[in-house]
Amino acid sequence: MSFQNTSVNLGSSDDMGESQAVPFYRLWQKNQGDHFYTATAFEVIKAMQDSSFQFESITGRLLPNRLYGALPLYRAYGPTATDHFYTMDWAKLQDFVVKQSYNYEGIAGYIFASSQPGTVALYCAYNPSIKDHFYTASEAEWKKAIAESGYEDRGITGYLFAPN
């Protein structure tokens with residue numbers, strides 16, 4: 001019996017689905033103090049027209065489907081707090097829904113639980129004064145929000161592809 005030596009290269013970001021990744025848009029609603037993130041252009045337009053959100057940036061790129069070991073990034077909205085919350089942790093999501101009266105809004109997209117080729121950290125910070133979760137792929141922006149804008153460190157939510 002003989003075996004052929006085969007190898008699989010999982011070292012490039014293209015193998016992880018980067019070519020299929022879509023923008024993860026960040027919007028800001030100043031009056032309510034709420035950051036909103038979506039991978040859907042329709043939601044961007046609707047939020048800007050209906051709720052006075054302003055486009056800020058593309059936070060990164062995520063997968064629209066579950067591929068290559070990526071896991072769901074869940075989205076919830078707290079109407080009392082006027083806050084959007086994102087997590088890969090189903091138990092944490094349930095805590096927000098049950099104990100803090102957030103509404104589950106579905107899966108925002110798919111990201112990775114650990115660093116993969118071509119990915120960057122999605123940092124999270126929370127401002128208790130305005131009840132706002134803030135997510136960014138920029139470590140400098142995250143640190144600045146903590147140092148200067150009243151946000152608290154909430155760690156890394158997951159890993160997504162860098163914005164182009």
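Derivation of every value follows stated rules applied to the coordinates shown; laboratory data play no part. Here the structure is a predicted model, which is why all the values come from computation and not from measurement. Glycine gets a Cβ as well: all are built from the backbone with ideal geometry, and neighbour counts include every protein chain shown.
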Response to the item:
One finds the C-alpha centres of region 81-97 and region 32-64 to be spaced, in Å, by 18
Worksheet item: What are the chymotrypsin sites (Phe, Trp or Tyr not before Pro) within region 36-100 that DSSP puts in a loop, where the Cβ has at most 16 other Cβ atoms within 10 Å?
Response: Tyr68
Practice prompt. Using a cut-off of 9 Å between beta-carbons, work out the net charge of the residues near Cys124 (Lys and Arg +1, Asp and Glu -1, Cys124 not included).
Written response: 0
Practice prompt. Could you tell me the number of lysine pairs in the chain with C-alpha atoms less than 23 Å from each other, where the two lysines are 8 or more residues apart or belong to different chains?
Written response: 9
Worksheet item: If Lys and Arg each add +1 and Asp and Glu each add -1, what is the summed charge of the other residues whose beta carbon sits under 15 Å from the beta carbon of Pro64?
Response: +1
Response to the item:
In deg cm²/dmol, rounded to the nearest 500, the helical mean residue ellipticity at 222 nm of the chain, built from -39500 (n - 2.57) for every DSSP H run of length 4 or more, is -5500 deg cm²/dmol
Item to complete: Of the listed values [x] 2, 9, 16, 19, 17, 14, 10, 7, 4, 1, 0, 0; [y] 2, 9, 16, 21, 20, 15, 7, 4, 2, 2, 1, 1, 1, 0, 0; [z] 1, 8, 13, 16, 17, 14, 11, 8, 7, 4, 1, 0, 0, grab the one calculated as P(r) over Cα pairs in 5 Å bins from 0, in percent from the structure here.
Response: [y]
Fill in: Cβ-defined net charge surrounding Gly109, 11 Å radius [Lys, Arg +1; Asp, Glu -1]
+3
Worksheet item: If contacts are Cα pairs under 8 angstrom and at least 6 residues apart, what is the relative contact order of the chain in percent?
Response: 23
Worksheet, complete the sentence: A student applying the Cα gyration tensor rule (rounded when a/c is under 1.5; otherwise prolate if a/b is larger than b/c, oblate if not) would label region 64-146 oblate
Discussion item. For a test of the definition: using alpha carbon positions, the gyration tensor, and the 1.5 limit on a/c, classify region 14-97 as rounded, prolate or oblate.
Written reply: oblate
